[in-house]
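J.: Before I ask anything, here is the structure I am working with.
The values are calculated or read from the model by the stated rules, or taken from the named source; none is laboratory data. Note that this is a predicted model, so its numbers are computed, not measured. All Cβ positions, even for glycine, are placed from backbone atoms using ideal geometry, and neighbour counts span all protein chains on display. Accessible surface areas use protein heavy atoms only, side chains included; no ligands, DNA or RNA. Shrake-Rupley method; radii C 1.70, N 1.55, O 1.52, S 1.80 Å.
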Amino acid sequence: MYAVLETGGKQYQVQVGDQVKVEKLTSEVGATVELDKVLALGGETFKAGTPYVEGASVKATVLEQGKGKKILIGKFRPKSGYRRTRGHRQPYTLLKIEAINA
């Protein structure tokens, strides 16, 4: 069985046992999170929501709070001596999917 869920403005297809990096959630490491924005459920039968499946949820455990790889942003304007370099690291939450409640 799999579920398509929405969190942080993005959609993820998950199964029990998967580890997925999502946008940062305000939960402690080791805490249990219940995600109730389930868009679709699949398996033997497919069930789509309008927009969410009523009564469905995904239970997950927070494994890690971290930051992604650094990306560099550079600005340059020719013939003026203007150069700027800036970095960014996107925060994320690593979740382990424990159960899909349909």
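J.: Which of these, Leu35, Leu25, Leu72, has the largest mean-square fluctuation under a Gaussian network model of the chain (Cα springs below 10 Å)?
T.: Greatest mean-square fluctuation among the candidates belongs to Leu72.
J.: Give the range of the longest stretch in the chain that excludes all GluC sites (Glu not before Pro) found in loop regions by DSSP and having at most 10 other beta-carbon atoms within 10 Å.
T.: 55-102
J.: Let me ask something else about it. Using a 1.4 Å probe on the protein chains only, how many percent of the accessible area of the chain belongs to carbon and sulfur?
T.: It is 48 percent, rounded to a whole number.
J.: Straight-line reach from Lys67: which lysines have a Cα under 16 Å away, not including same-chain ones fewer than 8 places off?
T.: Filter leaves Lys21, Lys24.
J.: Below 18 Å, Cα to Cα, which aspartates and glutamates can Lys70 reach? Residues fewer than 8 away in the same chain don't count.
T.: Answer for Lys70, where 18 Å is the Cα cut-off: Glu23, listed by chain and number.
J.: A further question on this structure: For the chain, what does the accessible surface come to per residue with a 1.4 Å probe? Please give it in Å².
T.: Normalised by residue count, the accessible surface of the chain is 71 Å².
J.: Could you give the length gained by full extension between Glu6 and Thr85, i.e. 0.36 nm per residue of separation minus their alpha carbon distance, to one decimal place?
T.: 25.1 nm
J.: With the chain treated as a Gaussian network of Cα nodes joined by springs under 10 Å, which of Lys79, Lys21, Lys67 yields the largest mean-square fluctuation?
T.: Maximum fluctuation in the GNM of the chain, among the listed residues, is at Lys79.
J.: For the chain, taking Cα atoms only, what is the radius of gyration to one decimal and the Dmax to the nearest whole Å?
T.: 18.6, 64
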